[in-house]
Amino acid sequence: MKRTIRNIMLALCAVAMLAGLSWADTLKVGVQAPITGSYANEGQGIENGVRLIAAQVNAKGGVLGKQIDVIVCDDQGTAMAAAICAKDLVNKGVKMVIGSYTSTCAEAAQKTYFNAGVLQTSDGTADSLTKHGYWTFLRNSFPNSAEAAFAANYMVKVKNYKRIAVISDFSSYAAGLAEATIAEIKNAGGNVVTYAKIKADSQNFTPVLTNIKSKQPDVIFFAGYYSDGGQLRSQQKALGINADFIGGDANDNPDFSKLAGSSAQGAYIINVPSPDALPYDIAKTFIADYQKTYGMMPPSIWGLMNIDGMRAIIHAMEQNKSFDTKKAADYLHNMDKPLEGITGPISFAKDGNRKGGAYVVKEIQADSSYKVVFAQ
Amino acid sequence: MDIFLQQLANGLTIGSMFALVALGYTMVYGVMKLINFAHGDMVAASAFVGLTIYTQILGQATSLGAVIAIFLLSAIAMACVGILLERLAYRPLRHAPRLSAVVSALGASLVIQNGIMLIWGPQMRIFPELVPQVYWTFGGVVISLIQVLILIISLILMVTLYLFVEKTRMGAAIRASAIDQDAARLMGINVNSVIALIFVIGSSLGAVGGLFIGLYYRGITFNMGWQYGLYAFIAAILGGIGNIPGAMLGGMLLGLFQAFIAGYVSSTWADAFTFILLILILIVRPTGLLGERVAEKV
């Protein structure tokens, strides 16, 4: 009896292993995103977008005849889980990975993808992501250095703030953006009264804000994420700090206004235009499809940028008539004509950075909608 | 001076929330000599339960009566969960080695945490703004209505609990069970009822604490319980675990300590210093600030 059971179990294991070894008749596309955790809003948006594109492409016959198989790994927004996800996705045989939302997680996974020749496209804006020389990495957003220049110009030259307080957290994105912005502010002749760091997700920012209050700033520039930004804004108002609040691009998410509540009104956010403000037909069509499939708007522009990265890689493979990732990367680094993207024309420079970039300053209105108050 | 007073006000608010949660830890430890690791996650769960009561049952009403109803209903719900927790996770292990109960507590903590994730989703949920945004300014110090409410209500609850434990018969039963369970049984005290009672009280206080956390910070995630549980546990040890005024004092002190370290040193070091403080207390005065040196009866 025991012998039979053991034999049956062995047979089942063998079948399971064979099933796992599918003979590459699908194009495996990986998604590494924070499906759970503080940035789950964004992570789920990315997963939804990728699945929708995959469904649309598959309906038209797939990529070079192969259907897209989407494999998702949750990196929870932490570097440790990201590194594990990277190994996991590579083992499952993906050709490209969309992810991650945060620069920290993108960077933690970068080397694994580079070593395996797996293409990676991420919306992470930390400048360090393109400094390693990995040909597998394609940034589908615009780097921090571009945003820092725009933000510094806006604060010093346009709005003439005299006492600027800068807050960031410890992530590679936020610290990078804050430091780049401070450098640009100093270049432009501005005055930074303090640079404070908060621990993301610690929720209690009143000690740091009280400290900042004593420096009497007229503007607070927060370079971190929306989950902390919203609470910072509401606690800033609760402490009676009468300074303008300007959030960097990662504050661009509806949860910012929800967390800040009634103090959201009057806060500014610097980012590229929001999904509903995209003028392109392809954008309007995709957003309408997204709304029909999932019953809600895409959470932010970041998910759509990641989709553009995915579409660019698929386009490259179709142009090359090959799934070879090095050839696709070479094509993308040398594109003479940009691909029509949902977030605008998309093409890449030799170091993997996306070319172009147009930032705006948006002010949050009483009904949580955005109003563009300054454009490049 | 203003900054000092502002940090003081902030620290007291956070401290009150820590104290409410620490009371749950200390009461359970006092009678059962068990650290209820699931308590932090129950506090988190109460915030989510309160959110559901607000949206589903009260239909998003924001009147004073509605707010009181949310508090009462959440407290009752968490009290039921507390009794369930005791029956399922701790009672079967009453006579087992201490380690089994600890492992069971950790397991219960994971179950509750993942239960929250499965029911309410993994993303951050936003708690409604139920307390009007009223501020008072004294010189350079700004105090909000919600801070005053948290302080006053916490104080009232803690004083009531203290009086209950010191002056009533049931309180005497709790104190007796904390000293020696078998002797208490011999005196005719129903120790099972006492244990159920402490879980009810601890969970209700934790529920109030959780709702305060939701109202004050407004962003709640399924895994925030672990952090608060840890801080409350440190607060309980600081004041003397098993000691009710100790938990209150420990909570307040920890809140003030964190506010001042984060404000004057750096937010990076707040956690590090908190744990250094814990180690120091355990080395210098392991029974806590208000704990008595109780001789071990052989």
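If the viscosity is 1.306 mPa s and the temperature 10 °C, what Stokes-Einstein diffusion coefficient in µm²/s follows for the stretch B:149-298 when Rh is the Kirkwood radius over Cα pairs?
The estimated diffusion coefficient comes to 92 µm²/s.
Quantify how strongly other chains surround peptide A:35-45 by giving the mean number of their Cβ atoms within 10 Å of each of its Cβ atoms.
Rounded to a whole number, the mean comes out at 4.
If B:95, A:132 are ordered by their accessible area, calculated over protein heavy atoms with a 1.4 Å probe, which sequence runs from highest to lowest?
So, going from the largest accessible area down, we get B:95, A:132.
Based on a Kirkwood Rh over C-alpha pairs, give the Stokes-Einstein translational diffusion coefficient of the protein assembly as shown at 25 °C and viscosity 0.890 mPa s in µm²/s.
Using the Kirkwood radius from Cα pairs, D works out to 90 µm²/s.
Per residue, what volume in Å³ does the convex hull of the Cα atoms of chain A enclose?
Convex hull of Cα atoms, per residue: 157 Å³.
Under a crude label model (7 Å from the Cα following the beta-carbon direction), how far is residue B:95 from residue A:2 in nanometres?
3.4 nm
Leaving out same-chain residues fewer than 8 places away, which lysines sit with a Cα under 26 Å from that of residue A:95?
A:28, A:60, A:66, A:87, A:111, A:131, A:321, A:326, A:327, A:337, A:350, A:355
With every atom except the alpha carbons ignored, what do you get for Rg and Dmax of the stretch B:67-161, in angstroms?
Over the stretch B:67-161's Cα set, Rg and Dmax evaluate to 19.1, 59 Å.
Taking a probe of 1.4 Å, how large is the accessible area per residue of the stretch A:59-104, in Å²?
Accessible area per residue, the stretch A:59-104: 44 Å².
Buried accessible area for the A:B pair, summed, 1.4 Å probe, in Å² rounded to 100?
The contact between B and A buries close to 2500 Å².
Tell me the mean residue ellipticity at 222 nm calculated for chain A from its helices only (DSSP H runs of n ≥ 4, each -39500 (n - 2.57), averaged over every residue, nearest 500).
The per-residue figure over chain A is -14000 deg cm²/dmol.
If you take the Cα Rg of the stretch A:111-211 and divide it by 2.2 N^0.38 Å, with N the number of residues, what do you get?
1.28
Taking square-rooted eigenvalues a ≥ b ≥ c of the alpha carbon gyration tensor, is the stretch B:1-155 rounded, prolate or oblate, where a/c under 1.5 means rounded and, failing that, a/b exceeding b/c means prolate?
Oblate, because a/c is 1.5 or more while a/b does not exceed b/c.
If one computes P(r) from the Cα atoms of chain B, what percent of pairs lie at distances over 29 Å?
In whole percent, the long-distance tail amounts to 34.
If one computes the Cα centroid of the stretch A:305-357 and of the stretch A:58-120, what distance in Å separates the two points?
If you average the Cα positions of each part, the centres end up 17 Å apart.
Roll a 1.4 Å probe over the protein heavy atoms and report the accessible area of residue B:152 in Å², nearest 10.
Accessible surface of residue B:152 is approximately 90 Å².
Could you tell me the ratio Rg/Rh of the stretch B:187-272? Both radii from Cα atoms, Rh via Kirkwood.
Answer for the stretch B:187-272: 1.06.
If the stretch A:195-311 were replaced by its equivalent ellipsoid, with semi-axes equal to the square roots of 5 times the Cα gyration tensor eigenvalues, what would those be, largest first, whole Å?
Taking √(5λ) for each Cα gyration eigenvalue gives 32, 13, 13 Å.
State the percent of C-alpha pairs, over all pairs in the stretch A:32-152, separated by a distance greater than 17 angstrom.
57 percent
Take peptide A:207-216, look around each residue's Cβ out to 10 angstrom, count Cβ atoms belonging to other protein chains, and average those counts.
6
The values are calculated or read from the model by the stated rules, or taken from the named source; none is laboratory data. On a predicted model such as this, the values are computed, not experimentally measured, just so you know. Reconstructed Cβ throughout: ideal geometry from the backbone, glycine too, with neighbour counts over all protein chains shown. Quick note on the areas: whole protein, heavy atoms, side chains included, nothing else; ligands and nucleic acids left out. Shrake-Rupley method; radii C 1.70, N 1.55, O 1.52, S 1.80 Å.
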